[in-house]
Amino acid sequence: MSRLARIVGRDTSEQKAITLTSPEAFGLFGLSPVGSGVTITAHSAMRVPAVRRAVSLIAESVATLPFKTYTADKEAAKDHPSYGLVHDWANDWTSAEALRETLTMDALLTGHGFAHVVRNGEGRALELHQLDPGAVSIEYDDFGEPSYRLRLKGGGDVVLSYSDVLHIQAPGGVSPVTLAREAIGLAVAAEQHLSGFFKNGGRPSGVIRHPNKLDAEALTKLKSSWFATHGGEQSGKTAILDEGMEFQEIALKLADAEFSEVRREQVREIARAFNVPPALLYELSRGTWSNFEQSHRDFLTGTLRPWIARWQAAYTRVLLTPEERAGLYIEATPDDLLSVEFAARATALSQYRAMGAMTANEVRGFLNLPAMAEGDTLENPFTTTGAAPAPEPSQDPKDETTND
């Protein structure tokens with residue numbers, strides 16, 4: 001089925017005329033019209049503060065995590081070509097952090113993020129180059145193996161193997177912006193409506209009453225004169241009415257003039273779409289110190305861990321051969337993000353050590369640290385000391401005393 005047929009939702013055998021202005025054709029150009037009448041694109045969605053905050057929060061958090069290549073013994077494999085690409089620099093002009101941030105943002109806004117793996121003649125990965133998501137299309141063979149067709153700027157295209165393309169995708173390969181376009185569109189429409197309201201001085205409209213019946217020409221002149229002197233930026237100025245005219249203001253309830261609750265609900269809807277706790281988008285109407293701290297834990301476990309897993313798998317697929325994966329792995333260390341629960345984690349690990357459930361090396365493995373000598377015993381470190389044992393009581397008869 002063709003791309004156009006998938007967008008329309010019909011089989012190509014069913015004929016239907018589609019023009020460039022038809023709503024069905026908008027998907028060809030990355031546009032998503034919604035019921036509010038606002039067209040949502042990746043660019044326009046980022047103008048919504050809640051969307052921008054959600055995208056930057058996820059992308060920047062993933063970017064700043066230290067990714068490293070480790071051996072099976074949990075030692076940093078600094079001599080492997082992948083270590084520098086995931087930890088230091090993706091290429092001479094792009095750091096590893098900047099590439100992760102860019103590709104994660106591409107995935108959040110368009111559904112997919114791509115980078116080309118540049119290799120030498122021996123197949124060793126040298127650099128990672130970000131690709132424009134709009135220039136890449138994914139093709140699958142009969143067995144589901146993907147390949148990537150890249151449209152070149154100078155014309156033509158080239159097909160890249162799955163092992164030469166670092167691919168990060170949003171859940172299901174669909175951007176949250178596309179799935180939540182109605183919620184984002186409503187947020188934009190509400191903001192535009194509120195902006196127009198306050199542009200006119202935040203004052204309700206009214207009617208001008210004239211004691212006499214006016215013809216069409218007189219009405220037109222009156223309308224033009226009124227809007228020229230009291231419309232737009234001139235609103236709020238003192239009006240002078242003659243010929244017995246009077247201005248009657250239309251009353252507007254305070255609840256109708258306030259869109260605060262509507263806008264708060266749209267922030268919560270956008271938070272749900274991006275799987276981010278609302279408190280981290282600064283929607284704090286129900287925030288307390290306790291649930292704000294819990295929101296950070298929820299963000300780590302519910303939002304960030306899936307993205308970390310995607311990056312680890314994507315790195316492994318293109319930077320480690322199947323043979324190398326038996327002794328090497330690429331992993332991120334979210335220690336900085338765990339600082340909100342560091343005390344609780346330390347307490348739990350110390351209790352496991354005290355009860356003999358974990359060895360020192362098992363604890364170090366949990367912290368992604370290498371094993372140490374004599375770290376495989378289950379003795380309780382909080383009660384066992386290295387002091388010499390106390391001497392036995394003396395049995396010398398001279399030390400015994402008798403009663404006279």
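The values are calculated or read from the model by the stated rules, or taken from the named source; none is laboratory data. As the structure is a computational prediction, the values presented were derived from the model and not from experiment. For neighbour counting, all protein chains shown are included, and Cβ atoms are generated from backbone atoms with ideal geometry for every residue, glycine included.
For the condition surrounded by fewer than 20 Cβ atoms within 10 Å (Cβ to Cβ) and in contact with a Lys or Arg (Cβ under 6 Å, 6 or more places away or on another chain), what is the one hit in Ala98, Ala135?
Working: Ala98 fails: in contact with a Lys or Arg (Cβ under 6 Å, 6 or more places away or on another chain).
The unique qualifying residue is Ala135.
Go through the range 168-185 and count every residue that is within 16 Å of Arg53 (Cα to Cα) and hydrophobic (A, V, I, L, M, F, W, C).
Residues that pass the stated criteria total 4.
Quick one: in the range 273-292, which of the residues that are in a helix (DSSP H, G or I) and surrounded by 13 or more Cβ atoms within 10 Å (Cβ to Cβ) is farthest from the chain's Cα centre (by Cα)? Lay out the reasoning, then the answer.
So in the range 273-292, the residues in a helix (DSSP H, G or I) come out as 273-274, 278-281, 289-292.
Checking the rest, the ones that are also surrounded by 13 or more Cβ atoms within 10 Å (Cβ to Cβ) come to 273-274, 278-281, 291-292.
Working: Ala273: 10, Phe274: 6, Pro278: 13, Ala279: 14, Leu280: 11, Leu281: 11, Asn291: 20, Phe292: 18 Å.
The residue in question is Asn291.
Would you confirm, using the coordinates I've provided, whether Arg181 is of a type outside the set (Val, Ile, Thr) and modelled with pLDDT of 95 or more? Lay out the reasoning, then the answer.
On the way: of a type outside the set (Val, Ile, Thr): yes; modelled with pLDDT of 95 or more: no.
For Arg181, the condition - of a type outside the set (Val, Ile, Thr) and modelled with pLDDT of 95 or more - is not met.
Give me a count of the residues in the range 334-355 that are modelled with pLDDT under 80 and not in a helix (DSSP H, G or I).
Count: 3.
Looking at the range 101-130, which of its residues are crowded, with 22+ Cβ neighbours inside 10 Å and of a type in the set (A, V, I, L, M)?
Leu103, Ala107, Leu108, Leu109, Ala115, Leu128
Could you grab me the full set of residues in the range 44-95 that are among the aromatic types (Phe, Trp, Tyr) and buried (at least 16 other Cβ atoms within 10 Å of the Cβ)?
Just the residues of the range 44-95 that are among the aromatic types (Phe, Trp, Tyr), to begin with: 67, 70, 83, 89, 93.
Answer for the range 44-95, where residues must be among the aromatic types (Phe, Trp, Tyr) and buried (at least 16 other Cβ atoms within 10 Å of the Cβ): Phe67, Tyr70, Tyr83, Trp89.
Go through the range 126-170 residue by residue and tally those that are assigned to a loop (DSSP other than H, G, I, E, B), without any contact (Cβ under 8 Å) to a residue 24 or more places away in the chain, in contact with a helix residue (DSSP H, G or I) (Cβ under 9 Å, 6 or more places away or on another chain) and not charged (D, E, K, R).
Filtering the range 126-170 down to residues assigned to a loop (DSSP other than H, G, I, E, B) leaves 132, 141-145, 152-156, 170.
Still in the list and also without any contact (Cβ under 8 Å) to a residue 24 or more places away in the chain: 132, 141-145, 152-156.
Narrowing the set further to residues that are in contact with a helix residue (DSSP H, G or I) (Cβ under 9 Å, 6 or more places away or on another chain) leaves 132, 145, 152-153.
Right, trim to not charged (D, E, K, R) and you get 152.
Residues in the range 126-170 being assigned to a loop (DSSP other than H, G, I, E, B), without any contact (Cβ under 8 Å) to a residue 24 or more places away in the chain, in contact with a helix residue (DSSP H, G or I) (Cβ under 9 Å, 6 or more places away or on another chain) and not charged (D, E, K, R): 1 in total.
Being touching a residue at least 40 places away in the same chain (Cβ under 8 Å) and over 14 Å from Trp311 (Cα atoms) is the filter here, so list the residues in the range 57-89 that pass it.
Leu57, Tyr70, Thr71, Ala72, Asp73, Lys74, Glu75, Ala77, His80, Pro81
Conditions: (1) within 14 Å of the chain's Cα centre (by Cα); (2) in a helix (DSSP H, G or I). Tyr315 meets all but one. Number of the miss?
Unmet for Tyr315, out of (1) within 14 Å of the chain's Cα centre (by Cα); (2) in a helix (DSSP H, G or I): (1).
Within the group Leu152, Leu166, which residue is surrounded by 18 or more Cβ atoms within 10 Å (Cβ to Cβ), within 30 Å of Pro81 (Cα to Cα), not acidic (Asp, Glu) and not assigned by TED's automatic domain parsing to the domain that holds Thr316? Before you say what the answer is, go through the steps one by one.
Working: Leu152 fails: surrounded by 18 or more Cβ atoms within 10 Å (Cβ to Cβ).
Of Leu152, Leu166, the one residue that is surrounded by 18 or more Cβ atoms within 10 Å (Cβ to Cβ), within 30 Å of Pro81 (Cα to Cα), not acidic (Asp, Glu) and not assigned by TED's automatic domain parsing to the domain that holds Thr316 is Leu166.
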